[in-house]
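Here's the structure we're looking at; comments come further down.
What follows is calculated from the coordinates using simple rules that are stated; it is not laboratory data. Note that the structure is predicted; figures quoted are calculated from it, not measured. Virtual Cβ from ideal backbone geometry, glycine too; neighbours counted across all protein chains shown.
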Amino acid sequence: MLYSRLGSAGIQVSRLSFGSWVTFGPQLDESKAAKLMQQAYDAGVNFFDNAEAYSGGEAESIMGRALKKLGWRRSSYLVSSKFFWGLHGSPNEKNTLNRKYLMQAIDGSLQRFGLDYLDLIFCHRPDPNTPIEETVRAMSDIVSQGKALYWGTSEWTGAQVREAYQIAERHHLHKPQMEQPQYNLFAREKVERDLAPLCKEIGLGLTTWSPLASGLLTGKYSQGSVPAGSRAALPGYEWLRERVLNPSKLEAVKKLEPIAKELGCSLAQLAVAWCLKNQNVSTVLLGATSAEQLSENLKSAAVAEKLSDSLLSEIEKATANV
Ligand code: NDP
C-alpha cells in the first residue's frame, strides 16, 4: 500500500481507503462489515470513512462496534464523519452547519462510534443559510477541544473553500485541510478544474468518492439492467438506478473494455487506477459489498503503475463528452 500526506498536513493516508455509504446497514451487517474492514486493514488501508447521515446513524454505530471487536491500536487508523443533513427534523437539527448543530453532531457521532475523537470531520455540504465564519469557528473549536484532529469540507466549491481558509487564517483558527469531492471518469470537473489550484496554493488534500460511479464503471450494468443485490436494486435508490443505466455512459464503459483487456485488468481496477494517477488525490475512497470486490479493487495500485500517457489518452477518448 502506498501512503500520501493529506495535502500539506503531516498525517498520512493510505492511497486506497474504505467507506461505508449505502453498504453499512442496508447491505452489510456488523459481522460482514468487520470482515471487510479487517481485509482492508490487512492490505494497509488506514482510513475508514463514514457520515452521520449514512443509514440514519447506523453506519457509524456498525463501524464503531466493528472497531471495538477488531481491537486495532487507535493510533494505527483514521476514522471520519461528516455533518450537515442531521438525524432529526427540527430547524437546528437538519440541513445546517450552524454552531449549535455542529456541536451536537460531533458529540452524537462520537457516542455512536464509541470513540474519544475522530481523525477527520467534514462539512458534508455547504450551507447557504449560515455565515461561513460561524461554521469555520465551530469546526475549529471542535478541533481545539480535541474531538477531531483535522476538519474539511465535502462538495464545496473552490471559492467556498478558499473563503473558509482565509477566514481561518485571518483569525488564527484551524484551517480546512481537505475536501471530499466526487471523482471518477464521469465526474472530473470539480477535482481537475475547481479544486486543483487550491491543492497547490493552500495544500488542500482530497479524499475522493465513488471511483466506480456506484458500480457503473465495473461494467455490471452494461446489459442495461440492474443485477439483483446491487445497490441500484435497493428500495429507495431509484434515483441511482436511472444514473447507472444512462445509455451514453454505458456506451463509454464498453469502449473501456479493450483498454482493460490490454492491461490484463478488470474495468473496476482500470477506473480506480485512473483516479490514483491524479497526484492531487490523497486517497481514493473505495466501497464494496463483498470480499471479492474489495480484493479486486485493492489491486488497482499495480494497474496505475502500468497506465502510460498513451493509455490515459485512450481512456480520455473513450469517456469524452458523456
Ligand atoms: P464506488 O463508486 O466505488 O461504488 C462502490 C459500489 O460498487 C460497491 O458498494 C458495490 O456495490 C460496487 N462494486 C465495487 N467494486 C466492485 C467490483 N469490483 N465489481 C462489481 N461491483 C463492485 O464507491 P462509493 O459510491 O461506495 O463511494 C465510496 C465511499 O465514498 C463511500 O463509502 C463513502 O464513504 C464516500 N462517499 C462520500 C460522499 C460524499 O458526499 N462525501 C458521497 C458518496 C460516497 P454493489 O455490490 O451494491 O453493486
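A compact table of results
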| read-out | value |
| --- | --- |
| Hz values of 3J(HN,Hα) by residue in the range 181-186 - Karplus curve (6.51, -1.76, 1.60), Gly and Pro given as x | x, 6, 8, 7, 4, 9 |
| The range 89-192 - convex hull of alpha carbons, volume per residue in Å³ | 115 Å³ |
| Shape parameters for the chain, alpha-carbon atoms, Rg then Dmax in Å | 19.0, 55 |
| All Cα pairs of the range 171-322, percent lying beyond 28 Å | 21 percent |
| Note, ³J(HN,Hα) from phi for the range 70-85, Karplus 6.51, -1.76, 1.60, rounded to Hz, x at Gly and Pro | 6, x, 5, 4, 4, 6, 9, 9, 10, 10, 10, 9, 9, 10, 4, 6 |
| Cα centre as origin, Lys/Arg/Asp/Glu Cβ charges: the range 1-75 dipole, Debye | 360 debye |
| The range 19-100: mean projected area of Cα convex hull, nm² | 5.8 nm² |
| Length-normalised contact order of the chain in % [C-alpha pairs under 8 Å, at least 6 apart] | 17 percent |
| Stokes-Einstein translational diffusion, the range 76-133 - Kirkwood Rh over all Cα pairs, 1.306 mPa s, 10 °C, in µm²/s | 133 µm²/s |
| Listed residues Pro258, Leu307, Ala318: farthest to the positive end of the dipole of the range 241-322 (Cβ charges) | Ala318 |
| Reachable aspartates and glutamates from Lys100, criterion Cα separation under 17 angstrom, eight or more residues apart if same chain | Glu52, Asp127, Glu133, Glu134, Asp141 |
| When each of Lys69/Lys261; Lys200/Lys255; Lys35/Lys82; Lys35/Lys147; Lys82/Lys306 is checked by Cα-Cα distance, pairs over 31 Å | Lys69/Lys261; Lys200/Lys255; Lys82/Lys306 |
| Residue (of Pro247, Leu78, Leu6) at the positive-pole extreme of the chain, dipole from beta-carbon charges | Leu78 |
| Relative contact order (percent, whole number), the range 89-195, Cα cutoff 8 Å, 6+ residue spacing | 24 percent |
| Within a Gaussian network of the chain (alpha carbon springs, distance under 10 Å), most fluctuating of Leu36, Leu185, Leu311 | Leu311 |
| Additional length obtainable on full extension of the chain from Ala187 to Trp72, 0.36 nm per residue less Cα span | 37.9 nm |
| Extension gain (nm, one decimal) between Asp42 and Gln223, 0.36 nm per residue minus Cα-Cα | 61.7 nm |
| Candidates Ala138, Ala302, Ala53: whichever shows maximal mean-square fluctuation once the chain is modelled as a Gaussian network with Cα springs under 10 Å | Ala302 |
| CD proxy at 222 nm, helix term only [per DSSP H run n ≥ 4: -39500 (n - 2.57); per residue of the chain; nearest 500] | -12500 deg cm²/dmol |
| Positive-end residue of Leu267, Leu97, Asn184, charge dipole of the chain with Cβ unit charges | Leu267 |
| Distribution of pairwise C-alpha distances over the range 230-281, 5 Å bins, in % | 4, 17, 17, 18, 21, 15, 6, 1 |
| Zone of Asn246's modelled label, taken as backbone nitrogen in the range 294-322 under 11 Å from a point 7 Å along Cα→Cβ | 321-322 |
| Dipole magnitude (debye, nearest 20) for the chain, charges at Cβ of Lys, Arg, Asp, Glu | 340 debye |
| Dipole moment magnitude, nearest 20 debye, the range 69-152 about Cα centre, only Lys, Arg, Asp, Glu C-beta charged | 300 debye |
| Whole-Å semi-axes of the ellipsoid equivalent to the range 9-54 (Cα gyration tensor, √5λ, descending) | 20, 14, 6 |
| Rounded to whole Hz, the Karplus (6.51, -1.76, 1.60) HN-Hα couplings of the range 55-62, x for glycine and proline | 6, x, x, 5, 5, 5, 5, 4 |
